[in-house]
1. Based only on the alpha carbon positions, what is the Kirkwood hydrodynamic radius of the stretch 7-149, in angstrom?
2. What FRET efficiency do you get for I229 and V7 if R0 is 41 Å and r is their Cβ-Cβ distance, rounded to the nearest 0.05?
3. With n ≥ 4 as the cut-off for DSSP H runs, can you work out [θ] at 222 nm for the chain, using -39500 (n - 2.57) per run divided by the number of residues, rounded to the nearest 500?
4. Compute, for the chain, the length of the dipole vector about the Cα centre, with Cβ point charges of +1 (Lys, Arg) and -1 (Asp, Glu) only. Units Debye, rounded to 20.
5. Rounded to two decimals, what is Rg over Rh for the chain when you use alpha-carbon atoms and the Kirkwood radius?
6. Counting other beta carbons within 10 Å of each residue's own, what order do I68, I219, I284 fall into, fewest first?
7. By counting other Cβ atoms within 10 Å of each Cβ, how are C237, C255, C202, C46 ranked from fewest to most?
8. Taking N as the number of residues in the stretch 199-314, what value does Rg over Cα atoms divided by 2.2 N^0.38 Å take?
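Laboratory data are not the source of any read-out in this text; all were calculated from the coordinates shown. Treat the numbers as computed from the prediction; the structure is a model and nothing was measured. Cβ: placed from backbone, ideal geometry, glycine included. Neighbour counts: every protein chain shown.
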Amino acid sequence: MNAFDQVQDAQVRAAAFAWLAAQVGAHGDVLPRALLAAGFEFDGACVPLVGPQGIFKPRVLREVPLSITTAPNGPYDDSFAGEGILRYRYRGADPQHADNRGLRLAMTLRLPLVYLHGVLPGRYVAAWPVFVVADDPAALTFSIQVDDASCAAAALTGAPASTAVHEDLDAGRRRYITTIVRQRLHQRAFRERVLEAYRRQCAFCRLAHEELLDAAHIIADAEVAGEPIVPNGLALCSLHHAAFDQHFLGLRPDCVVQVRPDVLREHDGPTLVHALQRLHGARILLPRAARLRPDPARLERRFEDFQRKARAVGE
């Protein structure tokens, strides 16, 4: 790349990062593909952040891609390794494909990219800046790590790209940040998939204001059976999530709500009556697809915890 190309490349990446930050501020972490495909304007040209292929270079960039995308349920087995690294599959099986060469050049020049993680068809969580830190042609994979925004400063200010990452100092920090980002991506994916299954309503009260909805675990994610999968989740409003976690409410394996006996006997005000006590004996809203409905074995285990709490309070 000549000096002019380096400067323009840095300016485009800076504009992309700033635009993404603004979109996350306006729309939240999960961004629709249509928004990413529309992109932003740079020097009179439209700059999308996604294209038909996972490794994407908009026309305003000459050689190095701007973004890499993992599609939900896509054909590639991209995955986070235990050591704080994302293994990103080549495009196809030819290491010399232009897209693969582009990512290899990003590694050589140490240029920051955007990583778009598909959580549902047409919905993505963005992480940036990410860097290509290794290339394994035998396995047809690149190793990707996420870094702090300050570590893209050289590229974003148009300084020589070779100063963008200080590998001798930053490896441990990149592993840590990548691990944290992995957790965030998986949490967002779990929330989006659970809310989609429950038609973006609270399973207990049908509240449909998404800002007030959570993806509640049936079995806590810290436990062995607490996988972040839809059958281990419930879409609940903030109030009912808290009541479920504190065992004010239980859910039988047949998906019928039970209110703890001492709570049923309380006399307080309309919130207690309408939000909790009237749920006793009600069936919850269920996903239409049977494979997405709550796992009865997990519900039974959770309901046993509820019953133990009810006995302890009643003693």
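1. Details: mean 1/r = 0.0658 Å⁻¹.
Across the stretch 7-149, the inverse of the average 1/r is 15.2 Å.
2. Working: r = 46 Å, r/R0 = 1.13.
Working from the Cβ atoms, E equals 0.30.
3. Working: 8 runs with 110 residues, N = 315.
That calculation yields -11000 deg cm²/dmol at 222 nm.
4. Numbers: 37 positive and 36 negative charges, 190 e Å.
The calculated dipole for the chain is roughly 920 debye.
5. On the way: Rg = 23.6 Å, Rh = 21.8 Å.
A ratio of 1.08.
6. Numbers: I68 27, I219 19, I284 22.
So the ranking, lowest neighbour count to highest, is I219, I284, I68.
7. Values: C237 22, C255 17, C202 25, C46 13.
Placing the least packed residue first, the sequence is C46, C255, C237, C202.
8. The value comes to 1.01.
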